Amino acid sequence: MKNSQFTETQIVGILNEAEAGTPVKGLCRKHGISSPTYYKWKAKYGGLDVSQLKRLKEVEGELAQYKKMYAELAHENYALKELIEKKL
């Protein structure tokens, strides 16, 4: 998938412009995006401000770390169970 030319902060800014009353067609033309792109962004980032977006990214990073830790522990647990079964 192609990376967006807009950062998430810029996307939130564009969405805030629309909430301020700018027509969607004019907004899309001004920033060079399509209407479907705007509505995808609205579904994903609608109602967020920049500080909430940063906090969301931090939480997602923490969640990724926890998932990795869980996977490692589950793998070790499985290996230990296999070792115990072989000794019995």
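The values are calculated or read from the model by the stated rules, or taken from the named source; none is laboratory data. Quick caveat, the model's predicted, so the values are computed rather than measured. Cβ coordinates were reconstructed from backbone atoms using ideal geometry, including for glycine residues, and neighbour counts include every protein chain displayed.
A search for C-beta distances below 8 Å between a residue of the stretch 28-46 that is farther than 15 Å from ASN3 by Cα and any residue that is charged (D, E, K, R) and in a helix (DSSP H, G or I), counting only pairs 6+ apart in sequence or on different chains, returns SER35/LYS25; TYR45/GLU8.
Does the stretch 39-57 include one or more residues that are modelled with pLDDT under 90 and among the hydroxyl-bearing types (Ser, Thr, Tyr)? Within the stretch 39-57, one or more residues are modelled with pLDDT under 90 and among the hydroxyl-bearing types (Ser, Thr, Tyr).
Determine, yes or no, whether LEU53 is of a type outside the set (Phe, Trp, Tyr), surrounded by 12 or more Cβ atoms within 10 Å (Cβ to Cβ), touching an Asp or Glu at 6+ places or on another chain (Cβ under 7 Å) and part of a helix (DSSP H, G or I).
Judged against the criteria, LEU53 is a match.
Collect the residues in the stretch 10-48 that are under 16 Å from the mean Cα position of the chain (by Cα) and exposed (fewer than 12 other Cβ atoms within 10 Å of the Cβ), keeping them in residue-number order. Scanning the stretch 10-48 gives ALA43, LYS44, GLY47. The set of residues in the stretch 15-35 that are under 21 Å from VAL50 (Cα atoms) and either of a type in the set (S, T, N, Q) or touching a strand residue (DSSP E or B) at 6+ places or on another chain (Cβ under 7 Å) (or both) comprises ASN16, THR22.
Could you tell me which residue of the stretch 1-46 is nearest to LYS57 (Cα to Cα), considering only residues that are touching a helix residue (DSSP H, G or I) at 6+ places or on another chain (Cβ under 7 Å) and in a loop (DSSP other than H, G, I, E, B)? Checked the stretch 1-46; the qualifying residue nearest to LYS57 (Cα to Cα) is GLY46.
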